[in-house]
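Each remark here refers to the structure printed beneath this line.
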Amino acid sequence: MDVKFADSFGDSLKTLIRHESWWYKTYEVVRYKIPVFFKNIYRFRKVLWNHRWYDYRYTLEALQTSLEIMESKMHGGLEVFESRGKKIEKMQRAIQILKNINDDNYIEMAEAIHGEIIHHEWEFEETGETIDNPMGEKGEKTYRLVDKESPAERKHNRKVYATSRKLQEQEWSELWQIFKGQDIKDYKRREKTLTEEQKKETDQYAKWFDGSGMQGWWD
């Protein structure tokens, strides 16, 4: 069998060999990797300044920033817009959820549904009891917080807090479903329900695909 190669194949092979040389790797570090490193420091400057190890929200802040960068670049990506546009929408939704979590917006979201939480100025009253202060003072007066909430106000506030927790749980589940993406088995089951006319169409997968699935977010 006569195997032939075009000149472009030889050029590509030479390029691959050149990229493995020590001098090119040194050039690559100085020309590309170091500038990108400092660019990333600027992009993540807020995350780096605020980051602490002891709270998961700092990790989510880094994820939010990374997704914001990716989403902005995807608008000019090479992928066809029919699928790229759906991915961008899911990225935007994930970013919004991360923002809601990081900014702790759920009380405000619940208040938009039920009305604002009813607050009262703190007021204390004497209990009529005394205690011996550890610092040595005898018979020190004690106080308690006056409960000014009416039954109706207490019911309203509890409703706001309950809705806030529910919204947070729903968005947390939605966030990870966006990252996980659709199950291809669902598409296979959908295929079985298509009519003969629908099977002739070439965009059935595109209609089913909703843009979710972080593993497919690249360009």
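The values are calculated or read from the model by the stated rules, or taken from the named source; none is laboratory data. Here the structure is a predicted model, which means the values were calculated and not measured. Neighbour counts run over all protein chains shown; Cβ positions are idealised from the backbone, glycine included.
Listed values, structure above:
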| read-out | value |
| --- | --- |
| Every pair of residues 6+ apart whose Cβ atoms lie under 8 Å, when the first sits in the range 160-171 and is more than 11 Å from ASP104 (Cα to Cα) while the second is surrounded by fewer than 19 Cβ atoms within 10 Å (Cβ to Cβ) and small (Gly, Ala, Ser) | VAL160/GLY115 |
| Top-ranked residue in the range 132-169 [being more than 20 Å from TRP122 (Cα to Cα) and acidic (Asp, Glu); ranked as modelled with the highest pLDDT] | GLU169 |
| Test for ASN102: is it in the same structural domain as GLU61 (by TED's automatic domain parsing) and closer than 30 Å to THR59 by Cβ | yes |
| Close pairs (6 angstrom Cβ cut-off, 6 or more residues apart or separate chains): touching a residue at least 60 places away in the same chain (Cβ under 8 Å) in the range 52-78, part of a helix (DSSP H, G or I) anywhere | MET74/ILE88; GLY77/ARG84 |
| Some residue of the range 153-164 being closer than 30 Å to ILE88 by Cα and within 32 Å of the chain's Cα centre (by Cα) | yes |
| Count - residues of the range 124-159 that are surrounded by 10 or more Cβ atoms within 10 Å (Cβ to Cβ) and within 30 Å of GLU108 (Cβ to Cβ) | 12 |
| Helices (runs of 4 or more DSSP H) enclosed by the range 13-121 - at least 3 residues per element that are within 27 Å of LYS180 (Cβ to Cβ) and modelled with pLDDT of 95 or more | 56-74, 81-103, 106-114 |
| Residue list for the range 75-129, restricted to those being closer than 30 Å to ALA162 by Cα and of a type in the set (Ser, Thr, Tyr) | TYR106 |
| Test: ILE178 is closer than 30 Å to LYS90 by Cα, surrounded by fewer than 12 Cβ atoms within 10 Å (Cβ to Cβ), hydrophobic (A, V, I, L, M, F, W, C) and assigned by TED's automatic domain parsing to the domain that holds ILE107 | no |
